[in-house]
Structures are given as C-alpha cells and as structure tokens.
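Shown next, in structure tokens, is the structure this report addresses.
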Amino acid sequence: MAPVGWILLVEDEPDHRVLLREALGRVATDVPVHEVEDGQEAISWMRKRAADPEALRGGVVILDLGLPRVSGFQVLEWMREMPPLVRIPVVVLTASENPMDADHAFNLGARGYFQKPTDFRRYLDIFRRVFQIAIEASPDGADT
Amino acid sequence: MRPERRNPFRASLVVEPMWRRLVLALLVVAVYVVGFVPLYREGDTAVLALSMFPVVILAWLFGAWGGLVAGVASVPLNALLLTMVGEQGWDLIVREGGAEGSALVIVVGCVVGLLRDLGLRLDRHLTDWRTAERALRETEDRYRVLFERSRDPMYVSTADGRVVEANDALVRLFGYSRAELLDLEVAQLYAEPGDRDLFRQRIDRDGWVEDFPVQVRARGGEVRDCLITATARRDAEGRIVQYQGSIRDVSQDWALHQLAERRTRELQAAAAELEAFTYSVSHDLRTHLVTLGGFASILGTDHREEMGEKAREFVDRILTASQRMDAFVQDILSYGRVSRAPVRLERVELADTVAVVRGSLADQIAERRGSVEVEGDLLPVEADRMLIERVVENLMANALKFVPDDKLPQVRIGSRRQESHVRFEIRDNGVGIASEDVPRAFRAFERLDPGRFPGTGVGLAIVQKAVERMGGEVGVHSERGGGSTFYVLLRGAPS
C-alpha cells in the first residue's frame with residue numbers, strides 16, 4: 001500500500017531515528033522518508049517545498065517535541081502561519097507523554113499525539129494510526 | 001487587727017469594750033455616793049462639782065445619750081442622798097437654787113457626750129481617709145511601675161500636642177531624652193502628618209483607638225512602623241484634655257514577617273526546581289528506555305531464531321526489566337504531573353469518569369475476567385477532570401490487581417452524600433490490607449506485597465496527591481483477606 005506521499009521524520013535522538021526508520025520500513029516500504037534532526041531543519045525542508053503545493057500533497061510530518069534549537073511547538077506555530085502548509089497533517093511522537101503538552105499541540109494544529117513505546121511492536125500500531133490520520137487529512141483521502 | 005493608736009483620742013477610754021466601761025461607770029457612781037456625805041458639808045459648789053464628776057465621766061464613756069441619762073438620773077439620786085443625810089432632799093433641789101445646778105449638770109453631760117461622739121466620728125473619718133490615701137498611693141505606685149517598666153512605649157499627652165509623661169521605652173523608641181520629649185511638639189514625632197490628623201479624627205470621634213497604624217520618626221530620622229492604642233481623657237464638661245496610650249513598634253515584626261515570606265518563597269522555588277529536575281530526569285530516562293526497550297524487543301522478536309537459548313533468555317530479561325523500569329518512570333512522571341498541573345475545580349459527573357476509566361482499563365478487566373459494578377447513580381462532585389480520572393483509574397486498577405489468581409475480581413463502585421461532600425467508594429474482593437500497613441499504603445514507593453503483585457508503589461501516592469490537591473480526603477477500610485474499600489471524599493456539586 002502507498003497511503004501517503006512522503007514522511008518527514010523530525011527526531012533529534014539518533015537511536016530513535018534508527019528505531020523509527022526500522023518501524024516505518026515495516027509498515028510502508030515504498031514511502032519516501034526524509035529525516036531531519038531539529039526544528040530548524042524541518043522548517044527549511046518545508047520552506048523549500050512550499051512553493052510547489054503538489055510536492056507537499058499527501059505527506060505527513062512525524063514530530064518530536066523536545067528538539068534542539070527550534071522546538072516541536074515552534075515548528076507547529078510556524079506551520080500554522082504558512083498557508084500552503086496548514087493542511088499538512090502533523091503527528092507528535094514524544095518520549096514522555098504529558099496531557100498539557102498534548103492539549104497545547106492539538107491547539108497548535110497537531111492531528112495526533114503518541115508516546116514512544118518501549119515495545120517495538122507498538123510502533124507498528126502507532127504508524128498504522130498515523131497513516132490513517134494522514135489519509136483522513138488529505139483532500140482526496142476519501143477516494144484512496 | 002486593732003486600729004493603730006496614733007491618735008491620742010483613740011488611746012482614751014471611749015474605745016474600751018462595753019463591759020469595762022460599765023464596771024468603770026459603777027466605780028464612778030460608787031465613789032460619788034461614798035464621797036457625797038463628807039463633801040456635802042463643804043457647801044453647794046462642792047456638791048455641784050461632785051454631781052458633775054460622774055456625769056462627765058459617763059458622758060465621756062457612753063456619749064451624748066449617756067451624758068443626758070446620767071445628768072437626769074443625778075437629780076433624783078442627789079435628792080435621795082440629801083434625804084439620807086437628813087435634809088429635805090427634793091425641796092432643797094427644787095427650791096433653793098438646786099434646779100439651776102441640776103440643769104447645768106445635765107447640759108454639761110450632754111455637751112461632753114456630744115463632743116465625745118463628734119470626736120469619735122471625726123476620728124473614724126480620719127482613719128478611713130488615711131487608709132484610702134495609703135491604698136491610693138499603693139495603687140499609684142503599682143501602676144507607675146507598670147508604666148515605667150513596660151517594654152511598650154507609653155505616654156500621656158495634652159490635647160494641644162505636648163507630651164506630659166513618657167516612660168523609658170518611649171524615650172528609647174524616639175531616641176530623645178525625656179526632657180527633650182516633654183519639650184517638643186507631638187506633631188514632630190509623626191513621619192506622616194496625615195497619620196496624626198486621622199488619629200486625632202478617630203480618637204476625638206470614638207474616644208479611643210486600637211492598633212492604629214502610624215509611622216513615627218525617631219530623633220535620627222529613622223522611620224518606624226507602629227501601632228497606637230490610646231484613650232482620650234475628658235474633663236467634667238466632656239472636653240478632651242489629654243490622650244494616653246501605648247505604642248507598639250512593629251518594625252521588627254514586619255522585618256521577621258518579610259524574612260519568613262522570603263524564606264517561604266525560596267523554599268517554594270527550591271521545591272519547584274526539584275520537581276522540575278525530577279521531571280526532566282524522568283523524561284531523559286524514558287528517552288533511553290525507549291531505545292533500550294525498542295532494540296531489545298526487535299532482538300527478542302525478529303532475531304529470536306538466530307539466538308541460542310541463553311541469549312533469548314537474557315534478551316527477555318532485558319525486556320522485562322525495561323518494561324518495569326518504564327512503568328516506574330511513567331509513574332514518577334505521572335506523580336510529577338499530578339503535583340504540578342494547575343487544578344481547575346468544576347462539576348464532574350463521576351458516572352462519566354468511571355465510564356472513561358472503564359474504557360481505558362478494558363484490557364485489564366477482560367484479562368482478569370473481572371466485573372465492575374456501579375451501585376445506584378453516582379453523584380456529581382467538584383473536581384479537576386484530569387486529577388479525578390487519575391484517582392479513579394489508579395483505584396480501579398488496584399481493585400483489579402490485588403486479587404488472588406484463583407479469584408475473579410469483583411469491583412463495586414458507589415457514592416453517597418455526606419453533608420456538603422460526596423463520599424465515593426471503590427470496593428474490591430482482594431487480599432486487603434492489614435490495619436498496621438494502611439499508613440504505608442499511601443506512601444510513595446512502598447509496596448506491601450512486592451513478591452506477589454507487580455507494581456511501582458507510586459499509584460496510591462498519586463491518588464493521595466491528586467485528592468489532596470482537590471481539597472479532598474482519601475482513605476481505606478480494609479482487613480487482611482477481607483477486601484478493601486477505598487473512599488474519596490470530595491465537595492459535592494449540586495445535583
């Protein structure tokens with residue numbers, strides 16, 4: 001299945017990037033995954049593509065919150081101000097769950113909020129949910 | 001105690017007991033009767049003097065009435081005595097100038113008696129007055145010492161603003177000498193002229209003030225916060241003539257208060273810092289646990305077949321440990337959140353909370369084949385939505401967990417009104433808690449049965465913290481082997 005066009009993985013912890021890549025590889029082998037290490041890189045990556053709305057179609061951002069330089073919340077805030085990016089679904093994946101962080105993230109436009117599990121198998125469930133969210137968010141999601 | 005005999009009048013016979021005076025009176029009369037015959041021959045003057053003698057003595061002993069009675073009685077007695085010596089007694093007294101003499105005796109008796117009575121009365125007044133004066137002086141001395149030795153500054157001032165009396169404490173407070181204090185205008189002592197106007201207004205209206213706050217200025221210009229308690233003294237026409245009162249220097253109290261406040265702020269900041277530290281440490285711990293558990297679970301599933309039996313066992317041990325560690329870190333994080341999150345009390349339907357928790361514990365309920373039964377309608381409470389969910393979730397999870405394996409967990413949930421509060425109860429059929437262990441149950445990291453049931457020992461500490469933050473109360477009724485009933489007492493919301 002190729003439910004989503006692309007995935008932007010924003011994660012500063014190298015070990016977690018390996019884990020997430022491993023998990024994504026099992027759920028969606030054919031989706032291009034772009035990895036960046038902090039909020040600033042994430043913003044640069046999206047800014048470069050903002051001019052071409054087609055290039056950003058059908059993608060999803062998987063965002064860690066505690067990032068160096070520019071935090072996950074700041075990325076959400078920035079995206080909310082950028083008209084071409086407002087519709088891109090963002091899902092937060094964080095090490096320690098906190099209801100207040102979750103509320104804040106949802107208020108800033110996040111579509112999902114998950115805590116990183118210690119059991120690898122749980123990632124597969126989480127990413128299935130993430131793709132479902134991405135499909136629901138895309139304008140032509142209903143036909144897919 | 002007999003009165004002091006400082007007054008010579010009191011030393012005379014008049015204050016002798018009655019019986020002594022009566023004996024004395026008899027003796028005097030006897031002397032008179034015996035002496036009458038020899039003196040009679042000496043002539044009328046001698047008789048008059050002799051008649052006068054007992055009357056005066058009796059008047060002195062018994063007062064005006066005594067003098068009158070003795071004077072009157074002396075007339076027939078003289079007549080009798082004259083008759084006895086062979087005279088025409090009665091005729092002699094009535095006709096031959098004896099009448100004037102008798103009248104004189106009676107009058108002198110009365111006058112002496114009256115003088116004696118007056119003297120006695122005067123003496124009594126004098127004594128009373130002296131006693132009163134001494135008592136007054138003692139009282140005055142007592143209050144003077146109180147005034148002088150008081151550690152609170154005290155003063156008496158005139159209505160036109162002069163200090164007329166000042167104690168040592170007042171002298172110390174202002175730093176002026178006593179002479180200087182008595183010389184200056186009261187207005188100079190106020191740091192804020194407005195204070196004095198308001199003080200005068202209040203005391204002139206009410207006649208007194210209590211703990212009236214003012215700022216005074218000492219000689220060196222130093223300003224101190226004080227409280228004045230004072231009374232106005234009025235003259236007979238009701239005009240205020242003086243003020244008298246005491247001053248409390250609260251600058252020191254204020255400094256202590258400031259110090260206590262600063263220390264409290266520092267402590268609060270330290271506690272907050274410690275909580276923030278715990279929180280960030282727990283967060284970082286979890287970051288590494290995600291890595292550890294993640295890779296171990298890949299090894300344990302995907303690469304299971306490639307490993308030898310021992311390697312498989314070790315990987316499983318790593319996995320179990322990381323899961324246990326994770327539960328622990330999660331609980332510490334949860335405890336931190338419950339301690340730090342702002343509390344917003346609102347009307348919460350316990351029925352909704354129980355439904356939500358039931359959903360999140362569905363797996364555990366199914367796994368243990370447990371039953372959760374709600375008795376009657378649950379009453380609404382004033383609570384924080386997030387906190388009450390944590391409370392119910394932890395209590396319900398415990399109710400399912402602490403049940404022996406051979407028993408199916410039965411959880412009963414109910415509520416009832418208790419005055420303005422609602423008592424929410426969760427009852428289980430588990431192993432129960434021995435009464436001596438109850439206090440330990442709510443302490444963080446305490447586990448009563450570590451070998452038998454898994455857990456971190458933080459659950460009930462979270463419950464207690466959450467309930468405490470909502471202003472409620474939590475407790476348990478339990479018996480070893482007899483199940484437990486946990487209750488939460490929260491302010492009820494109107495139904």
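None of the figures in this text is laboratory data; all of them are computed from the coordinates on show. Treat the numbers as computed from the prediction; the structure is a model and nothing was measured. Glycine gets a Cβ as well: all are built from the backbone with ideal geometry, and neighbour counts include every protein chain shown.
Can you tell me the Rg and the Dmax, both Å, for the Cα atoms in chain B?
Answer for chain B, Rg first and Dmax second: 51.7, 171 Å.
Apply the Karplus parameterisation 6.51 cos²θ - 1.76 cosθ + 1.60, with θ equal to phi minus 60°, to every residue of the range B:327-340 and state each ³J(HN,Hα) to the nearest whole Hz, in sequence, with x for glycine and proline.
Residue by residue, the range B:327-340 yields 4, 5, 4, 4, 5, 5, 4, 5, 4, x, 5, 4, 6, 9 Hz.
Given just the C-alpha atoms of chain A, how large is their convex hull per residue in cubic angstrom?
Here the figure is 100 Å³ per residue.
Could you size up the charge dipole of the range A:84-144 around its Cα centre, putting +1 on the beta carbon of Lys and Arg and -1 on that of Asp and Glu, and report it in debye to the nearest 20?
Taking the Cα centre of the range A:84-144 as origin, the dipole is about 160 debye.
Divide the volume of the convex hull of the Cα atoms of the range B:150-249 by its number of residues and quote the answer in cubic angstrom per residue.
86 Å³
State the answer as a single residue: which of A:TRP45, A:ASN107, A:LEU65 lies farthest towards the positive end of the charge dipole of the range A:44-112, with beta carbon charges of +1 for Lys and Arg and -1 for Asp and Glu, about the Cα centre.
Farthest towards the positive end: A:TRP45.
Roughly speaking, what is the centre-to-centre gap between the range B:31-60 and the range B:100-138 when only Cα atoms are used, to the nearest Å?
One Cα centre to the other: 26 Å.
Can you list the aspartates and glutamates whose alpha carbon is less than 15 Å from that of B:LYS401, not counting same-chain residues fewer than 8 positions off?
Partners found: B:ASP363, B:GLU367, B:GLU393, B:ASP428, B:ASP449.
Along the charge dipole of chain B, Cβ charges K/R +1 and D/E -1, which of B:ALA135, B:ALA218, B:VAL372 sits furthest on the positive end?
It is B:ALA135.
Normalised by the number of residues in chain B, what is the relative contact order in percent for Cα pairs under 8 Å and 6+ residues apart?
8 percent
Using each residue's phi in the range B:261-273, evaluate 6.51 cos²θ - 1.76 cosθ + 1.60 at θ = phi - 60° and report the 3J(HN,Hα) Karplus result to the nearest Hz, with x for Gly and Pro.
Working through the residues one at a time gives 5, 5, 4, 4, 4, 4, 5, 4, 5, 5, 5, 5, 5 Hz.
Compare the Cα positions of B:TYR190, B:ASN429, B:GLY86 along the charge dipole of the protein assembly as shown (+1 at Cβ of Lys, Arg; -1 at Cβ of Asp, Glu; about the Cα centre) and return the one farthest towards the positive end.
My answer, from the dipole projection, is B:GLY86.
Mind listing the Cα extents of the range A:19-84 along all three principal axes, in Å, largest one first?
Projected onto the principal axes, the Cα atoms of the range A:19-84 cover 34, 30, 15 Å.
Beyond 20 Å, what percent of the Cα pairs of the range B:343-491 remain?
Percentage above 20 Å: 44.
Per DSSP helix of 4 or more residues, -39500 (n - 2.57); summed, then divided by the residues of chain B. What does that give at 222 nm, rounded to the nearest 500?
Rounded to the nearest 500, it is -20000 deg cm²/dmol.
Please state, as a whole number in µm²/s, the translational diffusion coefficient that the Stokes-Einstein equation yields for the protein assembly as shown at 37 °C and 0.692 mPa s, with Rh defined as the Kirkwood radius across alpha carbon pairs.
90 µm²/s
Percent relative contact order of the range B:150-249, based on C-alpha pairs within less than 8 angstrom and at least six residues apart?
For the range B:150-249, the relative contact order is 28 percent.
Return one quarter of the surface area of the convex hull spanned by the alpha-carbon atoms of the range B:256-324, equal to its mean projected area, in nm².
Answer in nm², one decimal: 5.5.
Under the Karplus relation 6.51 cos²θ - 1.76 cosθ + 1.60, θ = phi - 60°, what is the ordered set of whole-Hz ³J(HN,Hα) values for the range B:288-293, x standing for Gly and Pro?
Once rounded to whole Hz, the list reads 6, 5, 4, 5, 4, x.
For the range B:185-321, what's the relative contact order in percent, using C-alpha pairs closer than 8 Å and at least 6 residues apart?
Taking the mean separation of contacting Cα pairs over the length of the range B:185-321, I get 13 percent.
Using R₀ = 45 Å, calculate the FRET efficiency as 1/(1 + (r/R₀)^6) where r is the Cβ-Cβ separation of B:GLU346 and B:ARG304; round to 0.05.
Given R0 = 45 Å and the Cβ-Cβ separation, E is 0.35.
Round to the nearest 10 and give me the degree value, 0 to 90, for the angle of helix B:44-84's Cα axis relative to the longest principal axis of chain B.
20 degrees
In nm², what is the average projected area of the convex hull enclosing the Cα atoms of the range B:208-261?
Spelled out: convex hull of the Cα atoms, projected over all directions, averaged, 4.6 nm².
Taking a quarter of the surface of the convex hull around the Cα atoms of the range B:8-140, what do you get in nm²?
Mean shadow area of the hull around the Cα atoms is 9.0 nm².
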